[in-house]
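Enquirer: Okay, handing you the structure first.
The values are calculated or read from the model by the stated rules, or taken from the named source; none is laboratory data. What you see is a predicted model, and the numbers here were worked out from it, not measured in a lab. Glycine gets a Cβ as well: all are built from the backbone with ideal geometry, and neighbour counts include every protein chain shown. Quick note on the areas: whole protein, heavy atoms, side chains included, nothing else; ligands and nucleic acids left out. Shrake-Rupley method; radii C 1.70, N 1.55, O 1.52, S 1.80 Å.
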Amino acid sequence: MYYPQVYRGKILSSETLGFSAINKLVVNGRLQLTSLGLEGDEQAETRFHGGPDRALCHYPREHYLFWRRQFPELTELFASPLFGENISTESLTEDNVYIGDIFRWGEALIQVTQPRSPCYKLNLVTNISDFAAMMQNNGRCGWLYRVISSGLVSAGEPIKLLSRNSDVSVKEALSIAFHNPFDEELYRRLMGAAGLSASWNLTMQKRILYGKIEDFNRRLFGNKNNAKE
């Protein structure tokens, strides 16, 4: 069982980030978790964030120690929930969490759907121009959940694994998607992982259909107008 820290955020506008809900605050007490996420949590760019397959974002707390070691001058910056996560725990990582895993959290049931795909907003919150690419390359990305049964949840209630439904870890999914060269067999393996999100299924299917890997640059680096998007 893993006891989480819990965070939610409102959409705010800033010169650096434009409209964003990445700046989240700790939540104490019980709150409702629905198919669209935590009560009161918002997402600004719903094409890329939120929705039933991306209702919650989980980021391992121990990864912040790695980032502090990489950037010792930014020790105070690297702490939850810098990356906009809703849940932070210790001992759950990309190595031991699998696509399709179902966890009980309070009254709710949640299922792992995909790794997080880092985006350029992380470059802005860290003031490191290629931070999203660094996160993608080293695989410390975290993952997303769908809510398969709604209910009340809180930081005082542990997250407990109920069932494992695939043999594809979040780490392997990241490697297939971001680190390996084109490999149709691996894409079909990932698509066969029970619980994989619709968007990741579509991405892998498009790779097979068109015979190439999509360009990551816009997601990782945005464009000159990205602070206003």
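Enquirer: Here is a list of conditions, (1) under 16 Å from the mean Cα position of the chain (by Cα); (2) more than 29 Å from ASN217 (Cα to Cα); (3) assigned to a loop (DSSP other than H, G, I, E, B), and ARG140 meets all of them except one; can you say which number that is?
Expert: Among (1) under 16 Å from the mean Cα position of the chain (by Cα); (2) more than 29 Å from ASN217 (Cα to Cα); (3) assigned to a loop (DSSP other than H, G, I, E, B), the lone unmet condition for ARG140 is (2).
Enquirer: Now, a different point. Identify, from the list PHE103, PHE78, PHE83, the residue that is open to solvent by less than 20 Å² (accessible area, probe 1.4 Å) and assigned to a strand (DSSP E or B).
Expert: Just a single option satisfies the conditions, and that option is PHE103.
Enquirer: Among the candidates SER117, SER91, single out the residue that is over 16 Å from LEU196 (Cβ atoms), small (Gly, Ala, Ser), in contact (Cβ under 8 Å) with a residue 12 or more places away in the chain and part of a loop (DSSP other than H, G, I, E, B).
Expert: Just a single option satisfies the conditions, and that option is SER91.
Enquirer: Say whether the condition of being open to solvent by 40 Å² or more (accessible area, probe 1.4 Å), hydroxyl-bearing (Ser, Thr, Tyr) and at pLDDT 95 or above is met by at least one residue in segment 145-154.
Expert: Looking through segment 145-154, at least one residue is open to solvent by 40 Å² or more (accessible area, probe 1.4 Å), hydroxyl-bearing (Ser, Thr, Tyr) and at pLDDT 95 or above.
Enquirer: Here are the criteria: (1) open to solvent by 50 Å² or more (accessible area, probe 1.4 Å); (2) under 19 Å from the mean Cα position of the chain (by Cα); (3) within 28 Å of LEU122 (Cα to Cα). Tell me which single one LYS160 does not satisfy.
Expert: The failed condition is (3).
Enquirer: For segment 19-49, which residues satisfy the criterion of being under 19 Å from ASN123 (Cβ atoms), touching an Asp or Glu at 6+ places or on another chain (Cβ under 6 Å) and either in a strand (DSSP E or B) or modelled with pLDDT of 70 or more (or both)?
Expert: none
Enquirer: One residue is enough: does segment 181-195 have a residue meeting the conditions free of Cβ contacts under 8 Å to residues at least 24 places away in the same chain and either among the aromatic types (Phe, Trp, Tyr) or in contact with a Ser or Thr (Cβ under 7 Å, 6 or more places away or on another chain) (or both)?
Expert: So far as segment 181-195 goes, yes, one or more of its residues are free of Cβ contacts under 8 Å to residues at least 24 places away in the same chain and either among the aromatic types (Phe, Trp, Tyr) or in contact with a Ser or Thr (Cβ under 7 Å, 6 or more places away or on another chain) (or both).
Enquirer: So ASP167 passes all but one of these: (1) closer than 18 Å to PRO115 by Cα; (2) open to solvent by 50 Å² or more (accessible area, probe 1.4 Å); (3) assigned to a strand (DSSP E or B); (4) not aromatic (Phe, Trp, Tyr). Which condition number does it fail?
Expert: Checking ASP167 against (1) closer than 18 Å to PRO115 by Cα; (2) open to solvent by 50 Å² or more (accessible area, probe 1.4 Å); (3) assigned to a strand (DSSP E or B); (4) not aromatic (Phe, Trp, Tyr), the one that fails is (3).
Let's see how each residue does on (1) open to solvent by less than 50 Å² (accessible area, probe 1.4 Å); (2) assigned to a helix (DSSP H, G or I):
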| residue | (1), (2) |
| --- | --- |
| SER129 | no, no |
| MET134 | no, yes |
| LEU174 | yes, yes |
| PHE182 | no, no |
| LEU186 | yes, yes |
| ARG189 | no, yes |
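Enquirer: Which one of the conditions (1) within 29 Å of ARG189 (Cα to Cα); (2) modelled with pLDDT of 95 or more does TRP67 fail to meet, given that it meets all the rest?
Expert: (1)
Enquirer: Taking ASN123, is it of a type outside the set (Ser, Thr, Tyr) and in a loop (DSSP other than H, G, I, E, B)?
Expert: no
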